[in-house]
Every structure is written in C-alpha cells, then in structure tokens.
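One structure is given below, encoded as structure tokens.
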Amino acid sequence: MISNEPVITPDLIADHGLTRDEYDRLVKLIGRAPTFTELGIFSAMWNEHCSYKSSKIHLRTLPAKAPWVIQGPGENAGVIDIGDDLAVVFKMESHNHPSFIEPYQGAATGVGGILRDVFTMGARPIACLDALSFGDPGHPKTRRLVSGVVAGIGGYGNSFGVPTVGGEVRFHRRYDGNCLVNAMAVGIAQKGKLFYSAASGVGMPIVYLGSKTGRDGIHGATMASAEFGTDAEEKRPTVQVGDPFSEKLLLEACLEIMAKGCVIAIQDMGAAGLTCSAVEMGAKGDLGVTLDLDRVPCRETGMSAYEMMLSESQERMLMVLKPEKENEAEAIFRKWGLDFAVVGETTPAKRFVVRHGGDVMANLPIKQLGDDAPIYDRPFTEPQKQPVIDAASVKASIGIADALERLIGSPDLCSKRWVFQQYDHVILGNTVQRPGGDAAVVRINDGPKALALACDVTPRYCEADPFEGGKQAVAETYRNLTAVGASPLALTDSLNFGNPERPEIMGQLVGCIRGIAEACRALDFPVVSGNVSLYNETNGRAILPTPTIGGVGLVEDFARSMTLAFKAEGEAILLIGETRGWLGQSLYLRDICGREAGAPPPVDLDAERRHGDFVRALIRARLVTAAHDLSDGGLLIALAEMAMASGMGAVLESHPRLPPHAFWLGEDQARYVITAPRADDVAERARAAEVPLLRLGTTGGRVLAIADERPLPVRDLVSRFEHWLPHYMAESG
C-alpha cells in the first residue's frame with residue numbers, strides 16, 4: 001500500500017458508487033486490491049455518467065448513419081456534412097445535479113463543457129441552446145433555481161461570446177427536488193480539418209493545456225450518477241467553477257495550434273477530468289498512457305494524485321502533439337496566457353500508469369478501464385396503458401376565449417422573454433431568427449446558407465406512454481425545423497430519467513429510446529451525439545421522463561426562412577393535418593380541467609414526414625407567408641402566438657364536427673398552421689399530395705375573433721402572455 005493513502009473498506013467502496021460485485025470485478029481484472037487512487041479512477045470510469053452501463057445496450061439501437069453523417073456517437077460531438085466543404089459539429093449535455101446544488105456555477109459550467117466538446121473537434125462555436133425544467137412555481141426553491149440557472153447560462157455564454165439562440169423552459173412539481181439543465185452547442189468547421197480523440201504513435205508527448213487544476217468538481221461524475229437525498233446541499237464542493245474568459249482564450253489557442261498542424265489527438269477534460277480524457281485517448285488509439293502528475297499545473301498546494309486525477313476543474317484540455325511541433329504549440333499557448341505542460345507520453349504497453357512524488361499511484365490495463373466496465377441489461381416493466389379520453393366526455397367548465405386567456409398566461413405557455421433577454425442572442429451578427437419562434441435560424445458565415453436549431457420534448461407524454469412520447473419528441477423537433485423552412489438533418493439528445501434500478505423507471509428509458517429510434521428511422525433524422533443522465537430523483541421521487549431532443553436543419557437561403565407572425569391582412573389561414581380533438585395529456589385537460597390523465601396523442605410518422613415535406617415545398621415555392629407547428633395547447637394557442645407575434649388579429653370560423661374545446665385546444669400531432677395569399681393554389685397542391693387541409697379563417701384587424709366567442713384584443717393577449725414570468729421573478733420569497 002502507498003503511504004498516506006486510506007485503507008480500502010466496504011464503506012469507502014460504497015462512497016465511490018461501486019457495488020460489491022463491481023469491486024470484485026475490478027479486483028479480478030487487475031489481480032490485486034486497488035490503491036486508493038486506482039479506486040477513484042475506477043469509480044470515475046465505471047459510474048453511470050461515463051460508462052452508460054444501464055443504457056448502452058439500448059442506445060446501440062438508435063440510428064446514427066446517413067450519407068451526410070461524418071461522425072456519429074462516440075466522439076466529443078457529432079458531425080454532419082452541409083456541403084461547400086463545411087461541417088456542423090454539435091452536441092447536447094446535461095448538468096442537472098450541479099445546477100440544483102449551485103445553480104449559477106452548475107449552469108455556467110454546463111455551457112462551458114458543451115462548448116469545449118464542440119471546439120475540441122476543430123469547430124468554432126456559433127450558437128447555444130438550453131432546455132430547462134424547474135419545479136412547481138410555488139415551491140420555495142424554484143425561484144432561486146430559475147434565477148441562478150438563467151444567470152449562469154447568460155453569464156458564461158455572453159462572456160464567452162457565443163449567442164444563446166433558443167431553448168425551452170417548463171415547470172412541474174416533479175422537478176421540485178431535481179431541476180434539469182440541458183445545454184446544446186453548435187459549431188462550424190471545415191470538413192477536412194476535423195480533430196478526434198484517438199491517440200496515435202508511440203512516445204508522443206501528452207500535453208496539458210488551459211487553466212490550472214484545483215479541488216473543485218472532485219467526484220462530480222460520481223455525484224451525477226447518484227440520486228439526491230437530504231444531503232444535497234452538502235455536495236456544493238463537487239460543483240465546478242467556470243471562467244468564460246479563460247475558455248475564450250482556450251478556444252482561440254486550440255484553433256490556432258490546430259491550424260498550425262500541431263495536433264495528433266485532443267480530448268476535453270470534462271466528466272472525471274484527467275482520468276477520463278487520458279484513458280479515452282489511449283484506449284481509442286490502442287495505446288498505453290503514462291502520466292507524471294508532478295508536472296500538472298495546480299492552483300492549490302499539496303494536491304494528491306487522487307485529487308488531481310478526479311478534479312473537474314474547468315477550461316482544460318489534453319492533447320497528443322507532434323513532437324516536432326511542441327515548441328511552436330507551447331509558444332502559442334503562452335501567448336494566450338494559458339498553461340502548457342508536457343505531463344506524459346503514449347506507450348506501446350496498453351497500460352495506464354500514473355506517477356506522483358516518486359511513487360506509482362496507478363498501473364492499470366487501459367483498454368479494460370473502459371471496455372470492461374459493467375454493462376447491465378436491467379429488468380424493466382412496461383407502463384400501464386392509459387385510457388383514450390373521449391373528447392365528448394370532457395365537459396367544458398369555461399368558454400374557449402376564457403380558456404385561451406388562462407392558458408397563454410400559464411407558466412408553461414407564457415412568454416419566456418424574461419429568460420432569453422438575459423442572453424446575448426445576436427453576438428457574432430449571424431442570428432437571423434431570434435428566440436421565441438419555432439426554431440432559431442443562424443446564418444453560416446456570410447450566407448446564403450443557415451442552420452435552423454431547436455430542442456423539444458413533452459415529458460407528460462413520455463410518462464403516460466414512453467414509446468409515443470419518444471416518437472413525439474423527435475417529431476415535434478422535426479416540425480419546428482420544418483416550420484422555418486429547414487430540411488431536418490440530424491439530432492442530438494439528452495436523456496433525463498430517474499433511478500434505472502427501479503424497473504418502472506428503466507421501462508420509461510427503454511420505451512422512450514424505442515420511440516426515438518422509430519421516429520429517427522421514419523424521418524431520416526439520425527442521432528449523432530448526446531448523453532444520458534440517470535438517477536434524477538430525490539428521496540425516491542423521480543422527475544418526469546425527459547428525453548430532450550436537439551435538432552439541426554439546413555436552410556439553403558436564410559433570407560427565405562419562414563417565421564410564424566401573420567404578415568398581411570386578408571390572407572387565408574389554413575390548417576395542415578388531421579384534427580381529432582385529442583385531449584389526453586393536453587394542457588387544456590391539465591390546466592383548465594385539473595386532470596393529468598389519459599393516453600397522449602398518437603404519432604403517425606408517415607403523416608409527419610408527408611406533411612413536413614409538403615410544408616417545406618410550399619415555403620420553397622413562396623406560397624406561404626407564415627408557418628407554425630402545433631404542439632402544447634393545440635390549434636388556438638398556435639393561432640394566438642401568430643397573432644401576438646404580428647400584432648394582427650384574425651376572424652376564425654366555427655367547425656361543429658367536434659366539441660369546440662377539443663377542436664381548438666386538442667393536441668393532435670403532425671399539424672401546422674400556415675397563411676397564404678393564394679389559398680386555392682395551396683389547396684390544389686394538398687389534394688395532389690393527399691395532405692388534409694382545412695380553411696380556418698382570414699387574417700386582419702386587431703382582435704382574435706373566434707366563432708361564437710367574445711373577441712379578444714391582440715394587445716390584451718400580449719399583456720397576459722408577457723406578464724406571468726417577470727411578475728413571478730419579481731416577487732419576494
């Protein structure tokens with residue numbers, strides 16, 4: 001045993017998140033008891049956050065290939081080809097547990113980490129998005145969490161200099177003890193100048209780059225792989241501290257040495273820090289790695305090998321450099337005021353050797369650290385099927401106009417302007433469509449091409465029916481991209497669930513992945529990156545299953561991208577898609593009738609693709625002046641949003657085939673609202689394409705006039721829409 005290291009005891013093993021069986025497995029693997037440092041290394045590599053041991057067998061079923069996919073899952077980020085020798089690099093990650101413990105730094109370092117994943121690949125970040133889930137607004141912690149998380153995202157992204165262009169915010173009591181912070185970053189690179197993490201060549205220098213190592217973030221990955229209890233507040237020291245200005249310097253230095261041809265391989269020091277980055281680089285390259293921790297730049301004195309290997313201090317990279325370029329690379333990093341230290345080398349031995357203070361602190365088989373991590377086929381139970389709710393059986397307690405007013409002022413449907421106004425969404429000067437629409441649109445360089453970016457999920461659907469909920473999350477993201485005129489190309493995901501050791505939670509995960517996979521295949525919309533965040537629960541109460549989908553689409557000419565605002569008076573308002581008046585799991589049923597019940601709307605993927613193709617064709621043919629997909633709240637919410645975005649009203653016709661509340665506020669899928677100056681031309685195309693089309697009314701005036709209901713002045717709707725969130729955040733307590 002190495003001096004000054006603690007004795008390995010059952011309690012110490014449990015504190016590292018390893019079961020007794022897993023500990024026995026690692027002892028058998030290395031043929032002896034581990035050192036304390038080795039125990040820490042195994043705990044980092046074998047925890048849920050890094051090894052995906054509960055989800056890996058199911059993730060393998062996700063479609064990840066297409067002619068335009070350059071790199072799928074398994075690297076720092078996914079990569080797709082968009083022509084003109086350009087590639088889009090993107091990924092979504094979660095930072096849930098840290099954000100609940102320390103909202104500002106947890107959210108800030110979540111943004112910093114996902115940005116590093118993108119520029120590690122050689123891409124310059126051009127946009128960020130975030131998907132945030134908070135507890136009940138009345139919960140005593142919710143307001144503080146919202147304030148801290150939003151400030152952390154804005155503080156990091158604004159200072160780093162990348163626009164936050166879109167996202168979503170929801171509230172539900174099931175997130176009371178475990179908020180979700182999912183961050184997505186997107187970058188642009190030259191197709192032939194991408195960088196990967198696999199080391200190559202024996203005796204190549206391994207270089208530590210960026211900020212110094214401290215004691216922040218130790219056991220961050222392990223903490224992210226465990227549910228919360230009553231000790232959540234005591235885990236503050238495991239939350240990393242970010243410095244966006246250092247990250248900006250790191251970005252510029254990395255891109256400069258990449259351009260100079262210095263880099264063989266590169267890996268961000270994210271979860272599990274130096275341990276995970278070094279092991280992955282060596283194992284992927286079928287090489288060993290030797291590290292000398294005496295050379296690691298530290299900002300605190302007396303750090304042990306254990307602390308250095310598990311620190312998750314931010315703004316750090318590990319690279320394998322070409323030996324002849326070492327001096328040139330060092331000069332670049334010194335110029336940017338960043339640390340540069342040769343801390344090891346690649347070896348042919350396929351061992352992971354860590355030295356510190358003259359002692360060998362770890363000597364482990366490098367491939368088995370990752371490859372032999374436990375993989376569990378956990379038992380799961382299918383959730384009980386929910387009944388289909390007959391719309392006629394739901395008695396309307398208030399009129400349609402009153403329901404609309406209440407819904408658009410509710411926490412989930414109200415304007416999120418208070419959030420996105422704290423983000424700089426126009427820095428870099430390429431944001432064509434800002435937050436608040438179906439998808440953000442960001443110009444690529446000087447155009448004409450642009451990217452459409454969106455993220456979405458409906459957790460209440462996923463809990464009621466994980467398979468349909470997984471399908472719907474993909475389909476809605478697909479519709480968001482389509483509504484702005486983009487061709488959907490690929491997606492990233494952040495799969496947020498509770499404790500997978502509970503069969504009902506594992507059933508949610510399996511069902512959602514199956515639904516996502518089926519939708520991706522049907523829509524030709526592959527998954528190229530993502531992450532899984534499990535154990536999102538407190539004292540045995542899990543979050544709603546929340547598989548967030550982040551989508552990327554291509555707009556050929558940004559000047560022709562579509563918005564949802566009405567454009568001119570006297571235009572036809574047309575509904576694309578079939579309306580059955582589906583009220584199960586709708587916001588109308590929940591927020592107006594007080595019931596979270598029923599089966600969610602089924603997702604017809606053939607219809608989703610056919611209707612999406614039809615809408616994009618209309619936009620390309622310039623037959624449409626506005627387009628909006630239908631989702632939460634149904635048809636009337638979408639129409640109100642179109643009116644509020646323009647200040648222009650509409651006259652809407654009655655449709656007696658369905659009860660009014662079911663027609664206007666049901667949440668049937670595969671639907672869009674469009675406006676068109678030549679409705680007959682659109683109708684002719686719809687008949688040819690066998691796409692359902694219904695005329696709803698005509699744009700004009702300053703009120704939303706719903707058949708048989710009192711007219712609603714658009715300015716009054718705007719007032720209600722914009723009121724709730726700033727008023728809530730301004731309240732004390």
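If you bin the C-alpha pair distances of the range 107-202 every 5 Å from 0, what whole percents do you get?
In whole percents, the pair-distance histogram is 3, 13, 21, 18, 14, 11, 8, 6, 4, 2, 1, 0.
Let me know the Kirkwood hydrodynamic radius for the range 579-733, please, with Cα pairs as the basis and the value in Å to one decimal.
For the range 579-733, inverting the mean 1/r across all distinct Cα pairs yields 17.0 Å.
Of 602, 112, 369, which is farthest towards the positive pole of the chain's charge dipole, taken about the Cα centre with +1 and -1 on the beta-carbons of Lys, Arg and Asp, Glu respectively?
My answer, from the dipole projection, is 602.
Counting other Cβ atoms within 10 Å of each Cβ, which trypsin sites (Lys or Arg not before Pro) in the range 9-90 have at most 12 and sit in a DSSP loop?
Sites meeting the loop and neighbour criteria: 32, 60, 65.
Using only Cα atoms and rounding to the nearest 10 degrees, what angle (0 to 90) does helix 273-284 make with the longest principal axis of the chain?
90 degrees
Can you give the net charge of the other residues whose Cβ lies under 13 Å from the Cβ of residue 272, counting K and R as +1 and D and E as -1?
Within the 13 Å Cβ shell, the charges total -4.
Once the dipole of the chain is set up with Lys and Arg at +1 and Asp and Glu at -1 on Cβ about the Cα centre, which of 628, 698, 543 lies farthest towards its positive end?
698
Take the Cα radius of gyration of the range 328-383 and divide it by 2.2 N^0.38 Å, with N its residue count; two decimals is plenty.
1.94
Please work out the C-alpha center-to-center distance from the range 146-204 to the range 50-76 and express it in whole Å.
Measuring centre to centre over Cα atoms gives 19 Å.
Roll a 1.4 Å probe over the protein heavy atoms and report the accessible area of residue 371 in Å², nearest 10.
100 Å²
Charges only on Cβ, +1 for Lys and Arg, -1 for Asp and Glu: so what's the dipole of the chain about the Cα centre, in debye to the nearest 20? Walk me through the numbers before you get to the answer.
Values: 73 positive and 92 negative charges, 161 e Å.
So the dipole magnitude of the chain works out to roughly 780 debye.
Return the loop-located GluC sites (Glu not before Pro) in the range 541-592 (DSSP other than H, G, I, E, B) with at most 16 other Cβ atoms within 10 Å of their own Cβ; answer none if there are none.
Loop-located and lightly packed - 556, 569, 578.
Quick one: which of 322/350; 65/567; 395/416; 56/141 span more than 29 angstrom between C-alpha atoms? Each step should come with its number before you reach the end.
Working: 322/350 20 Å; 65/567 39 Å; 395/416 31 Å; 56/141 34 Å.
Among 322/350; 65/567; 395/416; 56/141, the Cα-Cα distance tops 29 Å for 65/567; 395/416; 56/141.
If you build the convex hull over the alpha carbons only and average its shadow over all orientations, what do you get for the range 1-159? Give it in nm² to one decimal.
Numbers: hull surface 56.8 nm².
Approximately 14.2 nm², given one-decimal rounding.
Please list, short to long, the whole-number percent of alpha-carbon pairs of the range 294-453 in consecutive 5 angstrom bins beginning at zero.
The calculated distribution, bin by bin, is 1, 5, 8, 9, 8, 8, 9, 10, 12, 10, 7, 5, 4, 4, 2, 0.
Kindly write out, for the range 159-170 in residue order, the coupling ³J(HN,Hα) from the Karplus curve 6.51 cos²θ - 1.76 cosθ + 1.60 (θ = phi - 60°), rounded to whole Hz, with x marking Gly and Pro.
Working through the residues one at a time gives 6, 5, x, 10, x, 9, 10, x, x, 8, 9, 9 Hz.
First select every other residue whose beta carbon is under 12 angstrom from the beta carbon of residue 191; then total the charges, Lys and Arg +1, Asp and Glu -1.
-2
Taking only the alpha carbons of the range 1-43, what extent do you get along each of the three principal axes, in Å, biggest first?
Projected onto the principal axes, the Cα atoms of the range 1-43 cover 27, 22, 15 Å.
Over the C-alpha atoms of the range 6-83, what are the Rg and the largest Cα-to-Cα span, Dmax, in Å?
17.8, 57
Using a cut-off of 12 Å between beta-carbons, work out the net charge of the residues near residue 65 (Lys and Arg +1, Asp and Glu -1, residue 65 not included). Please list the in-between numbers first.
Working: positive: 521; negative: 524.
Taking every other residue near residue 65 into account, the sum is 0.
Tilt of helix 714-730 relative to the longest C-alpha principal axis of the chain, in degrees (0 to 90, nearest 10)?
Long axis of 714-730 versus the principal axis of the chain: about 30 degrees.
The values are calculated or read from the model by the stated rules, or taken from the named source; none is laboratory data. Just so you know, these numbers come straight off a predicted model, no measurement behind them. Virtual Cβ from ideal backbone geometry, glycine too; neighbours counted across all protein chains shown. Ligands, DNA and RNA are stripped out before the accessible areas are found, and what is left, the full protein with its side chains, is counted by its heavy atoms. Shrake-Rupley method; radii C 1.70, N 1.55, O 1.52, S 1.80 Å.
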